[in-house]
Each structure stands twice: as structure tokens, then as C-alpha cells.
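The values are calculated or read from the model by the stated rules, or taken from the named source; none is laboratory data. As the structure is a prediction and not an experimental result, all values here were calculated from the model. Cβ: placed from backbone, ideal geometry, glycine included. Neighbour counts: every protein chain shown. Each accessible area value is taken on the protein alone, full model and side chains, heavy atoms only, with ligands, DNA and RNA left out. Shrake-Rupley method; radii C 1.70, N 1.55, O 1.52, S 1.80 Å.
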Amino acid sequence: MKKTVLVTGGCGFIGVNFVRLLLEDHTDWQVINLDKLTYAGNLQSLKSIEDNSRYTFVRGDICDQELVTSLFTKYQIDTVVHFAAESHVDRSITGPAEFIQTNIVGTFTLLEVAKKQWLQENKSSTGCRFLHVSTDEVYGSLGEEGYFTEKTSYDPRSPYSASKSSSDHLVRAYFHTYGLPILITNCSNNYGPYQFPEKLIPLVLNNALQGKELPVYGDGGNVRDWLYVRDHCEAIARVVEQGTVGQSYNIGGHNEKRNLEVVELLCDMLDEKVGLLKSGEPRRSLITFVKDRLGHDRRYAIDAGKIAEELGWTPKFTFETGMDKTVEWYLENRPWMESVMDGSYTQYYETMYGK
Ligand code: NAD
Ligand code: TYD
């Protein structure tokens, strides 16, 4: 069905993959990408599609109510897919203020505008949808056993997950209080093309290619449940189209891995694809155990049964096929990584939008 979608944070890792998916596979959807272009936003990642007639980019802040209102009015937005956030746990530990502002106040601003535009002034919200993209980290940390379901109580433990939990609660409150047609997705750790190299997988790939140390926090035994980004994006599109308003859906791939396992696998894959280090040593020799993250959640694992049963979504990629595609992508796109590492990726938009 025809839609005009406001994608927030469309220049970030998952947003870029989502915008590309929409332009490829959802040919009746019009896409308006609102992104502030923080350090995590990379306009170059969308360069090849920027002239697509179904795509419009707007640089701006989701906290700017006037701007968001003008976009709703100008483009007659009927769908919001809200990715924009501060997303890195380590940054939330050293500087939580931006997380409170963007993740909580920004989400509140979008909700307020959607409420006014869709529910007030005798307007109809028929067919409108506000999908809030969230994380499994809102559920806290698991022991050796068990899975997060949609019924698991929230128990956030980092400033990042606490800010995402707050925004989830606000989104749900706008459904119960005002009847805003919302949906929430809570997904596990993503990996794949265009991920900023502060997150484990691209950071390890980049360091390992350059023969630099590979920092593993604590004992490397923390477990994450990995999902290839394309699978996440397809799940989000499915929830927008078929999800029941007011509901939340867990998204995950049953790919629980200890961090050390992931780092070792990446080392072995690179050794095989590009050869050993110049010293003749395997890349595993670069692994360095470092001081643990404060409040480091031990284990995340998603039960994605609800989205499978109700919406028929299951991931297409296994950990092996997804990792292979990912490593190949970073090897084929070395200039992308280099421009992020040397900071020159910002020059592309600075010429158009200023700093
Ligand atoms: P990211 O950090 O790569 O990208 C965030 C994007 O939001 C950037 O383009 C940035 O410029 C933009 N942004 C930040 N503040 C903004 C503001 N105030 N106004 C407008 N734009 C702003 O994040 P990501 O990894 O792509 O994650 C996207 C969403 O998915 C987040 O909400 C995150 O919580 C959620 N999520 C991520 C993962 C994961 O593994 N990466 C897993 C589950 C859920
Ligand atoms: P990260 O990619 O930051 O995602 P999240 O914290 O949202 O799960 O980290 C994934 C896991 O890898 C997490 O347990 C922390 C760990 N980690 C390291 O061991 N070393 C690193 O350099 C980074 C960035 C993360």
C-alpha cells in the first residue's frame, strides 16, 4: 500500500540499510529521511540513492518541534519509522546527557507532533502508523538460561538502555492515553554494512585489518544475540505493514555468541580471506583483554516467537552467512571505513549543510 514514511536517523547504520530496503523493495513508499548528522550519521552511505525521486533528505533535529511539524504538513506523513537515537552504550556511560535529550525528549517531540497531526483538528489517523525502533537492552541482563519475551519486565541498567526504556514507555502511553497508532520493536544486536566502527564487529574488523590490538572487555564471556541488519530491516517493514497497533514485537535471530567467540571468528575469517599478519602470526594474537565496561550486561537472548507466529517473519541469514556477507562488504568498501576513521566522511555534507 502507498505510504509516505518519515524515517528518523536514516543516515545511521540501521537507517541506511532500511532506506535502501524501502527504495529497492517497497516501490510505492515515499521516503523522507530526517537526520541531524551527528558523528554517527553518514550521508555518504546514501550517495548512490540520493537522486531517487522517492527519496528526500532533510538535515535536522528530532527535538525541533517546528521542523517536524512542517515536515508532517508538507509531505503529508502517514508513517513514522523512528530510528534516530544516541546508540552506543560506552558513550552513554561517559556522557549520558545527549541520550536523555535525543532518545527521550526527541521521541516525545515526535509523539506530540504525530498526535496533533493525526488525532487532533478532526484529522483521521486511519492507516497511520508510528513505529518506534527499540532494543532488547531494555529488558536488562539474563543469567545462563532464559530468553526475553514481550512480557519480560523492563530492567534497564545503562544510561542508554534507561533512555530507550523511557522512550518505549512514552510511546506506549501515547497509545493507551490518546489512541496514537503506535508499534514498538525490540531487537537484539545488529551487524552488517555501514556500521560505525565503535561497535564490536566493525571495530574488530578495522583493527584486525590494520594489525592493531583487539580490545575484549572483561573475560570476553558476555553473550549477545546477533542479527544481520537486513533481517532487522525486513522485520521492521513487516511490522509496519502487518503489526497490530499498540503491540510490541521482539526481533532476534537465535544467534547467541560469547564476545570472544565473535572476535576469534572474525580473526580466522580475515586470516583466511586476506592472509596472516605481516609478522606471519594469526590475527588471534591481537586479542587483548581490557578493563570491563561499567555495569556490563552479561547476556541478552531474544525469543522472537511472537513475530514469527503472528507476522510470519523469521531471519533469512544465519550467523555464518551474515558474517560472511559482512566481512566481504568491509573488504570491498575499505574507502568507506577509511573516510570514517580519518573523519573525512563529514566533508561530503559539510559542503552542503555546514558543520
Ligand atoms: P546509529 O548510532 O548508527 O545512528 C543513529 C542516527 O540517528 C545517526 O544517523 C544520527 O545522526 C541520528 N541522530 C542522532 N540524534 C539525532 C537527532 N537528535 N535528530 C535527528 N537525528 C539524530 O544507530 P543505529 O545502530 O543505526 O540504531 C538505530 C536505532 O535502532 C536506535 O534507536 C537504536 O536504539 C536501535 N537499535 C539498534 C541496535 C543495534 O544493534 N545497532 C539494536 C536494536 C535497536
Ligand atoms: P557493542 O557493539 O558496543 O554493543 P552493545 O553494548 O549494545 O551490546 O558491544 C557488544 C559487546 O562487545 C558488548 O558485550 C561489549 C563488547 N565489546 C568489547 O568487548 N570490546 C569492544 O571494543 C566493544 C566496542 C564492545
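In table form, for the structure just shown:
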read-out	value
Residue within segment 332-352 that is in contact with a Leu (Cβ under 7 Å, 6 or more places away or on another chain), away from ligand 2 (no atom under 16 Å from the Cβ) and on the phi < 0 side of the Ramachandran plot present	yes
Single residue of ASP231, ASP219 found to be more than 11 Å from ligand 1 (Cβ to nearest atom) and within 21 Å of the chain's Cα centre (by Cα)	ASP231
The listed residue being modelled with pLDDT of 95 or more, more than 27 Å from LEU227 (Cβ to Cβ) and either more than 16 Å from ligand 2 (Cβ to nearest atom) or not in a helix (DSSP H, G or I) (or both), out of VAL80, VAL31, VAL68	VAL68
Only one of LEU22, LEU6 that is in a helix (DSSP H, G or I) and either open to solvent by less than 10 Å² (accessible area, probe 1.4 Å) or among the hydrophobic types (A, V, I, L, M, F, W, C) (or both)	LEU22
Residue match in segment 149-164 (condition: basic (Lys, Arg), within 14 Å of ligand 1 (Cβ to nearest atom) and assigned to a helix (DSSP H, G or I))	yes
Residue satisfying condition, being over 17 Å from the mean Cα position of the chain (by Cα) and surrounded by 20 or more Cβ atoms within 10 Å (Cβ to Cβ), within set LEU119, LEU110, LEU131, LEU67	LEU110
Selection within segment 165-180 - open to solvent by less than 10 Å² (accessible area, probe 1.4 Å) and either farther than 22 Å from ILE100 by Cβ or not in a helix (DSSP H, G or I) (or both)	LEU180
Residue match in segment 209-216 (condition: within 14 Å of ligand 1 (Cβ to nearest atom) and on the phi < 0 side of the Ramachandran plot)	no
Residue within segment 197-216 that is of a type outside the set (D, E, K, R), under 26 Å from LEU311 (Cβ atoms) and surrounded by fewer than 22 Cβ atoms within 10 Å (Cβ to Cβ) present	no
Residue list for segment 318-355, filter: more than 25 Å from LYS273 (Cβ to Cβ) and either in a helix (DSSP H, G or I) or open to solvent by 40 Å² or more (accessible area, probe 1.4 Å) (or both)	SER344, THR346, GLN347, TYR348, TYR349, GLU350, THR351, MET352, TYR353, LYS355
Those residues of segment 1-27 which are at pLDDT below 95 and acidic (Asp, Glu), in sequence order	none
